[in-house]
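Chemist: Structure incoming, see below.
The values are calculated or read from the model by the stated rules, or taken from the named source; none is laboratory data. Please read all numbers here as calculations on a predicted model, not as lab measurements. Here Cβ is always computed from backbone atoms with ideal geometry, including for glycine, and neighbour counts include all displayed protein chains. Calculation scope for accessible area: heavy atoms of the full protein, side chains included, ligands and nucleic acids excluded. Shrake-Rupley method; radii C 1.70, N 1.55, O 1.52, S 1.80 Å.
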Amino acid sequence: MGAGLVSACLPVSYVLLVHLFDRGGTDRNDSISIKRRFKGALLSNVFSIAVTAYYLLVYTTTPFHEMGLRLDHWKEALIYPFILMNAFYLGQFVMMHIDKTLWHYFDYYEWKMCFNNWVWRRDIIVGPITEEIVFRACSSTLMAHVWGPSVTCLLNPIPFAASHFHHIWDDQRRGHSLAHSILQRGFQFCYTYLFGVFATYLQLTTRHALVPIVAHAICNAQGLPLWLEIANYPKRRDRLTLYSAYSAGFAVFVYLLYTKHGMPAR
């Protein structure tokens, strides 16, 4: 099997193994189902890393370094995406300040509740780590050696975004109609594809798996930018403040992404 085909199959194997371990499960948010899916995701990671390392030996003598599975420059790999993504969500933080909900980030008991919540562990810790290892560190790295980085940035996110369509069955188990599920997951496909392009670019540019992992975790924590919610604020001053914060944050995000300032060395 060629390296290009293998790189396209790895994301599929992730979804299949996650569902295989949770066969018969009725709710993806149930703690038992989450634990089962963790095992499937972990097995997918081990399998994908081994297969990718084998195929990368044709192109490099250091396959794990090529995949970004390395410890050097770990501080920059944590700090750069943290600043990058928090700049992107600057307007969100200002919005929380206006709504007087920003204090949640500084409350010990809030964090304790999060760490004890299996859904939070999946969305913020295990999901970003296991997905980025398979989809970015393994699949996109191998694909880039076959088709080049530009094509990879456009093609690799497709299976990542399409993998979310399997939630349609989870939605129907919870009583949602098929039409509602398809519409919801179709919209999710669009924005996860855009994130996939961004995360693939980070992976191929930095060759450090921590960078897209941190970016993914912050995106999962914050969700979509709430730009459209600004119009609902009655005070003109608040609206101007929020528009300015979102614009300034996005400008910093673009600057850091374009200049690569603070990006970990390859």
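Chemist: Match the structure shown to one of the listed values (i) 50; (ii) 53; (iii) 57 of percent of Cα pairs over 23 Å apart, computed from it, and give that label.
Modeler: Computing percent of Cα pairs over 23 Å apart and matching it to (i) 50; (ii) 53; (iii) 57 gives (iii).
Chemist: Next question. Gaussian network model of the chain, Cα springs within a sub-10 Å range: biggest mean-square fluctuation belongs to which of 145, 97, 208?
Modeler: 97
Chemist: Calculated from DSSP H runs of 4 or more alone, at -39500 (n - 2.57) each and per residue, what is the 222 nm mean residue ellipticity of the chain, nearest 500? Spell out each step's value before the answer.
Modeler: Values: 14 runs with 180 residues, N = 266.
The per-residue figure over the chain is -21500 deg cm²/dmol.
Chemist: Also, quick follow-up: Taking only Cα atoms and a 10 Å spring cutoff, compute GNM fluctuations for the chain and point out the largest among 193, 233, 80.
Modeler: Among 193, 233, 80, the largest GNM mean-square fluctuation belongs to 233.
Chemist: What residue among 219, 114, 153 shows peak mean-square fluctuation when the chain is described by a Gaussian network model with Cα springs under 10 Å?
Modeler: 114
Chemist: Would you work out what percent of the accessible area of the chain, with all protein chains in place, is carbon or sulfur (probe 1.4 Å)?
Modeler: 69
Chemist: When the dipole is taken about the Cα centre of the chain, and only Lys, Arg (+1) and Asp, Glu (-1) are charged at their Cβ, what size is it in debye, to the nearest 20?
Modeler: That gives a dipole near 120 debye.
Chemist: What do you get for trypsin sites (Lys or Arg not before Pro) in the stretch 47-153 restricted to DSSP loop and a cutoff of at most 16 other Cβ within 10 Å of the site's Cβ?
Modeler: 100
Chemist: Moving on to the next point. Given the options 240, 152, 206, identify the residue whose Cα lies farthest towards the positive end of the charge dipole of the chain (+1 on Cβ of Lys, Arg; -1 on Cβ of Asp, Glu).
Modeler: 240
Chemist: Could you order peptides 211-218, 5-12, 51-58 by the average number of other Cβ atoms within 10 Å of their residues, highest first?
Modeler: Sorting 211-218, 5-12, 51-58 by mean packing, highest first, produces 211-218, 5-12, 51-58.
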